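Colleague: Structure below; questions to follow.
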Amino acid sequence: MHYVQIIFTLAWRNLWRNHRRTIIMLAAISVGAWAMIFMTSLMRGMVNEMLRDGIRALPGHVQVHHPDYRDDPSVGNLVSLTSAEIDATLAGAGIERFTARIRVPAIISSERESRGVTLIGADPLREKSVAAVGSEIVEGRNLDGPDDGGVVLGRKLAEKLETQVGKRIVLMSQDPDNEVADRGYRVVGLFEANLAAHEEAFVFAGRETVQKMLRIDDRVSEVAVAGDDYRVVDALLAEVRVLMGKDDEVLPWTELDEYLGTMLGVMDGFVLVWVVVIFLALSFGLVNTLVMAVFERVREIGLMLALGMRPSSILGQIIVESVLLLVLGLIIGNLLAFASIIPLKDGIDISIVAEGMEMFGASSILYPEIEKSDVILANIVVLVLGFIASLSPAWQASRYEPVEAITKV
Amino acid sequence: MTAVRCIDLCKTYRQGDQDIKALDHVDLEVEHSGFVCLSAPSGGGKTTLLNAIGGLDIPDSGEVWVAGQRIDQLSKGELAAIRLTQIGFVFQAYNLIPVLTAQENVEFVMQVQGVAAADRRSKSQAILEEVGLKGLEDRRPAEMSGGQQQRVAVARAIVSRPALVLADEPTANLDSKTSDELMELFVELNNHHDTTFVIATHDQRVMAYAKRLIKMLDGRIVEDIEQRAA
């Protein structure tokens, strides 16, 4: 304990001995820590937004399908339970956020244009609890219920079809017997989505209306279930697997959309690489500072050794000096990062590059997100690598021969 | 009782192509409470002998005994412990730790020894008063004169009552008045606390204070004179 006190006293005072050098190094560490956390929060915000958008663009956290549906997403591959049975099973188990929907490829035709789309036969109330796409109505109204006879289109699709709210369109698909199934619908609303691709791809109609059109009774092609956290879906996955039985395939979003699932892992790896790269740049300055500090104090170190201080205490003194410098720099850097991220919580408008961002699924507003794990990672990496970087000069200092060090000119 | 015993010490340094014999079969015995000056021209071996006695330098051959313990075969850690508990050092210059105040410098050795804070404080204040530095406890070395710094170094060397104090050219950077004051302080400590002093010097005035003067030349003891101290 007595050693700890003298080591900390010496380390702290030596730190401020050449205050200009210490301040420069502190500034470097602070800016480095700020850059680590700030840039990571921007990247994390962008990726999380992409993930959330991707998950809320219909997948949910867990989905149930006929085992062949993913290879052939046609009306022939339907979930084994009816939508009424699904409602009873999942709601009965206390699961609140789920929706059973029909999701089939279809052709939509206005009086001027035709396009291939994905037709979603949905219960709008249940759909809203899981997915975001289709819920942001900008013109007209949303579907009233599963028996609503209208359709809701994306605004971009409406533009392409040169149609509008109030006009009629025709949706055409196939029934289970491979016969053409079609029906005329009135456009009751237009929705906007974060991604233009979603506005062009999805058409929402009432589930019961679509079931009648496709002649599939009360059957659905997909059940989407949402939990509390998209990162933690294992428990929900297991529960839904038990509830839905073995006839259907139950998969998490990471497997349903491998691009999104991979992105999460890539982002975690990117954060680590980013933090380590910044630290490597910092470490040169840190090591140089410590080497200079040790070089300037050779005689004093010799004196302390001559007076009976153990070499390990000299080692500890230099390491503590380095760690104090790192901790101070990290505190300032963390505060700077939080101070610069919090004012941006309402998002950064990057619509100037929106089209480019949309290519990989990002929206035009970037919301920085500070994740506790990223902040902890950045601080731990700096401290641990800083500790390792300081070992060499500290070791050299502790290896001095006192008699040589005292007489060093 | 013997405070220091050196038996057949040899130490050779390599300087360029030449071997320099810093210690050449040196035998020395210093009694407890002795006051010995090692005198030699530069390169005569006095600092090497002092360093060997202090466990700062390991001789090539021979034996060094301090307070009844052979120290020339000890590890670095064991030597550090001996220096910490048995020996007080006063060097020619760069004697103090610049970032510590006078009192903290004096307390340094006690702190490393693990002496309790209150005990350290009372002892350091008493010893600083004894060496005439009362009121300067909170000054850092840069705020003190050379003489005051050496007094702090002496206070640090003797505060934990070591059996032996080794001083290497302690007056080299001091004016004659301050040198005399410092030597009188050494004599007083030697008389009152029975501390053994071994001082390496080539200052005639310092030698005059010694009870025993050992002259060295080319790493050998050439004269060992008992004298009546000034």
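Colleague: Find which of B:Phe35, A:Gln174, A:Gln317 sits farthest along the positive direction of the dipole of the protein assembly as shown, computed with +1 on the beta-carbon of Lys and Arg, -1 on that of Asp and Glu, about the Cα centre.
Modeller: In the protein assembly as shown, that residue is B:Phe35.
Colleague: When DSSP beta bridges are limited to those with both residues in the stretch B:2-226, what percentage is antiparallel, rounded to the nearest 5? Present the calculation step by step, with values, prior to reporting the outcome.
Modeller: Working: 24 of 42 bridges.
Beta bridges within the stretch B:2-226, antiparallel portion: roughly 55 percent.
Colleague: Using R₀ = 22 Å, calculate the FRET efficiency as 1/(1 + (r/R₀)^6) where r is the Cβ-Cβ separation of A:Asp346 and A:Met39; round to 0.05.
Modeller: FRET efficiency, A:Asp346 to A:Met39: 0.70.
Colleague: While we're on this one: Anyone know which of B:Val154, B:Val165, B:Val115 comes out most mobile in the 10 Å Cα GNM of chain B?
Modeller: B:Val115
Colleague: Please compute, for peptide A:5-12, the average count of beta-carbon atoms on other protein chains lying within 10 Å of each residue's beta-carbon.
Modeller: 3
Colleague: Given Cβ point charges of +1 (Lys, Arg) and -1 (Asp, Glu) and nothing else, what value in debye, to the nearest 20, does the dipole of the stretch B:1-143 about its Cα centre take?
Modeller: Approximately 300 debye in magnitude.
Colleague: Next question. Where does each of A:Arg112, B:Arg220, B:Arg161 land when they are ranked from fewest to most other beta-carbon atoms within 10 angstrom?
Modeller: Taking fewest neighbouring Cβ atoms as first place, the list is A:Arg112, B:Arg161, B:Arg220.
Colleague: Given a 10 angstrom Cα cut-off, can you work out which residue in B:Gln69, B:Gln150, B:Gln204 is the most mobile in a GNM of chain B?
Modeller: B:Gln204
Colleague: Test of understanding: in a Gaussian network model of chain B with alpha carbons linked when under 10 Å, which of B:Gly135, B:Gly34, B:Gly147 would top the mean-square fluctuation ranking?
Modeller: Top of the fluctuation ranking is B:Gly135.
Colleague: Would you calculate, for chain A, the mean residue ellipticity at 222 nm contributed by helices, counting each DSSP H stretch of 4 or more residues as -39,500 (n - 2.57) and dividing by all residues, to the nearest 500?
Modeller: When only DSSP H runs of four or more count, the value is -17500 deg cm²/dmol.
Colleague: Kindly point out which whole DSSP H helices in chain A project their C-alpha atoms 24 angstrom or further along the helix axis while averaging a Kyte-Doolittle hydropathy of 1.0 or above.
Modeller: Span-like helices in chain A: A:258-296, A:311-341, A:372-398.
Colleague: Next up: At 7 Å along Cα-to-Cβ for each site, give me the label-to-label distance between A:Asp68 and B:Asp60 in nm.
Modeller: 9.5
Colleague: A further question follows. For chain B, list the DSSP H helices whose alpha carbon atoms reach 20 Å or more along the long axis and whose average Kyte-Doolittle value is 0.5 or above?
Modeller: Answer set is empty.
Colleague: Oh, and also: Ignore the peptide's own chain and count Cβ atoms of other chains within 10 Å of each Cβ in B:70-82; give me the average, rounded.
Modeller: 2
Colleague: Show me A:288-301, B:15-28 ranked by packing, highest mean number of other Cβ atoms within 10 Å first.
Modeller: A:288-301, B:15-28
Colleague: Evaluate peptide B:95-101: per residue, the Cβ atoms of other protein chains within 10 Å of its Cβ; return the mean as an integer. Before the final figure, lay out each step's value.
Modeller: Working: counts 3, 2, 11, 5, 11, 4, 0.
The mean count of partner-chain Cβ atoms within 10 Å per residue comes to 5.
Each reported figure results from applying straightforward, stated rules to the coordinates on display, with no laboratory input. Please read all numbers here as calculations on a predicted model, not as lab measurements. Cβ coordinates were reconstructed from backbone atoms using ideal geometry, including for glycine residues, and neighbour counts include every protein chain displayed.
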